[in-house]
Every structure is written in C-alpha cells, then in structure tokens.
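The values are calculated or read from the model by the stated rules, or taken from the named source; none is laboratory data. This is a predicted model, so every value here is computed, not measured. Cβ: placed from backbone, ideal geometry, glycine included. Neighbour counts: every protein chain shown. When the accessible area is computed, the model is the full protein with side chains, heavy atoms only, and any ligands, DNA or RNA have been set aside. Shrake-Rupley method; radii C 1.70, N 1.55, O 1.52, S 1.80 Å.
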Amino acid sequence: MATPNHTSPSHSLFILLGIPGLEDQHTWISLPFLLSYLVAVLGNSLLVFIIMTERSLHEPMYFFLCMLGVADLILSTTTVPKALAIFWFHAGEISLDGCVTQIFFIHATFIAESGILLAMAFDRYVAICDPLRYTTVLSRAVIIRVGLAVVLRSFSVILPDVFLVKRLPFCHSNMLPHTYCEHMAVAKFACAYIRVNVWYGLSVLLSTVVVDALLILVSYIFILNAVFQLPSRGALQKALGTCGSHLGVISMFYLPGIFTIIAQRFEHHVPPYIHILLANVCMLAPPMLNPIIYGVKTRQIRECVVSTLSSQWKLC
C-alpha cells in the first residue's frame with residue numbers, strides 16, 4: 001500500500017502501456033480486439049434497432065434486452081477504441097480527468113449490465129412460474145421504473161469512485177500497465193493511503209454484482225424446477241430454449257470476472273499480462289456474444305433480423 005509522504009507534484013497525465021510483456025505482439029492482439037468491437041457495435045446496434053422498430057417485440061423481455069444492447073455499446077466503445085489506439089499508434093496518453101471518466105463509465109455500465117441481467121431473470125421467473133400475472137406484474141410502468149432503478153443504482157454507487165480517485169496524489173510513475181483505466185489499477189499508483197478505495201470498491205462489488213448473481217442463481221433454481229414440471233414436451237423445449245439463451249449471456253458476463261478474481265488471488269504466480277488479458281475479456285466477450293446468442297437462440301429476433309436484412313437487400 002502506498003505511503004502518504006509525497007513532495008513531487010501530482011501527475012495530471014498518464015500513459016497506458018497496453019499489455020506489458022507482449023509489446024511485440026500488439027499488432028496481432030489488436031485483430032481480435034477490432035473484430036470483437038465491430039461485431040459488438042454492428043450486432044448490438046441491429047438488435048436495438050430491431051427491438052425498437054418491430055412492434056411484435058415490444059414485450060418486457062425484449063425491452064430489457066434492448067437496454068442490455070445499449071449498455072454493451074457503451075461498455076465496448078469506452079474501452080476498445082483507446083486500446084486500438086495504443087496497439088496501432090502507441091497513443092497511450094490520457095489525462096487524469098479522462099482516466100476518471102473512463103473509470104466511471106466502465107464500472108457504472110458493468111453494474112448496470114448486472115442489474116439488467118437480474119431484471120431479465122425476474123422476467124423469466126414471472127413468465128414461467130406465474131404466467132397468468134405476467135402482464136400485470138411486468139407492466140410498462142414497472143419496466144420504466146426498473147430501468148430507472150438500474151441506471152440510478154449504477155451511477156450512484158460509482159460516482160464516489162470519481163472523488164476517491166481524484167483526491168489521490170500521483171507523484172510516482174505515471175505509466176499504467178493496462179489498456180484502460182480501472183479504479184484499483186490506477187489507485188495502486190498513488191502515493192497515499194488507498195484503504196478507503198480498496199474497501200469501497202470491495203463493498204460496491206459485494207453489494208451489487210455479487211448480490212445480483214446470487215439472486216439470479218436463486219431465481220433460476222425456481223425457474224428450472226418449474227420448467228421440468230411442464231407436462232408438454234413442446235412447452236418444455238421452448239422454455240429451455242429461452243432460458244438457455246439467457247443463461248448463456250449470464251455465463252459470458254460473470255465467468256470472465258470470476259477468472260479475473262481467481263487470477264488476482266494468485267497474482268504472484270500469474271504473469272501480469274494474464275491479468276490484463278482477462279480484464280479485457282470481461283470488456284470484450286459480453287458485448288460481442290450477447291447479440292449473437294440472442295440472435296441465434298431467440299426465434300422472434302432471428303426472424304425479424306432475416307426479414308429486415310432481406311427487405312434492405314431488395315431495396316438495394
């Protein structure tokens with residue numbers, strides 16, 4: 001932990017180094033970054049467009065999916081373009097204000113995605129376990145309130161991070177071995193006590209993402225219990241297909257984070273570039289795979305996408 005003694009002026013400019021130890025591979029590493037970003041932007045933009053314009057998709061599950069697509073666009077656009085600039089042009093310079101802004105949007109969007117996945121799990125729980133009350137429980141007013149709650153929660157719990165980082169003096173190295181600014185990765189370079197940062201970051205993680213994951217787990221225990229009691233084989237297959245796509249998205253969101261935490265636990269035995277690559281997987285995998293999983297697994301979305309692309313092709 002950093003000491004509180006510092007005499008040099010605090011840095012206002014940082015240099016993001018990308019992935020130290022793999023500098024000679026930056027050009028090749030940039031290719032999956034670019035591919036994942038293009039898929040994320042095109043896939044999520046198409047998903048949001050289809051859901052907003054197709055009236056048959058104006059249902060709670062698809063509104064939540066639309067929110068997830070918007071969050072994915074924000075998350076990937078906040079991180080990947082800067083990483084590509086580092087890989088291609090060695091343009092790793094970022095101001096303290098720019099770094100803090102990136103921290104805010106990355107963490108706020110990540111927590112918002114966790115809240116959206118919880119809302120989607122609740123949607124599936126009501127649809128399968130209490131279908132007769134589905135339209136009553138998940139009315140348009142309820143969906144709007146849930147969306148506002150997700151956004152307000154993410155912004156309110158992450159806003160203190162801005163002040164916790166801004167208050168720190170950075171009088172040692174301003175070279176950050178990362179592709180983006182992350183709260184604790186930046187705080188470790190401060191020449192002051194960061195215990196408040198450590199404990200606040202941990203409390204935010206436990207009270208949001210961990211609680212969301214536990215509630216999603218509980219909801220799916222009830223959901224799967226109800227699904228396997230369905231008398232009709234067709235209804236069983238349909239329910240499992242819908243739940244399967246959602247569980248796939250949940251896995252892509254939480255599993256990379258779990259691997260990152262495990263790697264940090266054994267940081268003395270794991271090369272630094274492994275930490276950075278795993279952290280980037282958390283930012284790259286969900287935005288890229290979410291529209292693919294839902295586009296393939298959800299028949300209504302697949303049909304709307306095919307219909308839209310076919311009509312556009314005929315116009316051309």
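Data overview
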{"item": "Rh by Kirkwood over Cα pairs, then Stokes-Einstein D for the range 192-302 at 0.890 mPa s and 25 °C, µm²/s", "result": "148"}
{"item": "On Cα atoms only, tilt of 233-265 relative to the major axis of the chain in degrees", "result": "10"}
{"item": "Interchain or long-range residues, amide H under 5 Å from residue 93's placed H", "result": "16"}
{"item": "Rounded tilt (10° steps) of 299-315 against the dominant C-alpha axis of the chain", "result": "80"}
{"item": "Per residue accessible area in Å² of the range 1-143, where ligands, DNA and RNA are left out and the probe is 1.4 Å", "result": "47"}
{"item": "Equivalent ellipsoid semi-axes, the range 142-192, via Cα gyration tensor eigenvalues times 5, rooted, Å", "result": "32, 12, 5"}
{"item": "The chain pair-distance distribution - Cα-Cα, 20 Å bins, rounded %", "result": "29, 54, 16, 1"}
{"item": "Angle between the chain longest axis and helix 60-89 axis [Cα atoms, degrees, rounded to 10]", "result": "30"}
{"item": "Listed peptides 169-179, 60-70 by packing density, highest first (mean Cβ within 10 Å)", "result": "60-70, 169-179"}
{"item": "Rel. contact order, % - alpha carbon contacts under 8 angstrom, at least six apart, the chain", "result": "29"}
{"item": "Surrounding net charge for residue 10, when Lys and Arg each add one and Asp and Glu each subtract one, Cβ distance under 11 Å", "result": "+2"}
{"item": "Peptide ranges 280-291, 221-232, 247-258 listed from the most packed, as the mean C-beta count within 10 angstrom indicates", "result": "280-291, 247-258, 221-232"}
{"item": "Portion, in percent, of the accessible area of the range 15-92 that falls on carbon or sulfur, probe 1.4 Å", "result": "72"}
{"item": "Hydrodynamic radius by Kirkwood, which averages 1/r over all alpha carbon pairs of the range 98-215, in angstrom", "result": "16.1"}
{"item": "Carbon plus sulfur fraction of accessible area for the range 147-269, probe 1.4 Å, in percent", "result": "73"}
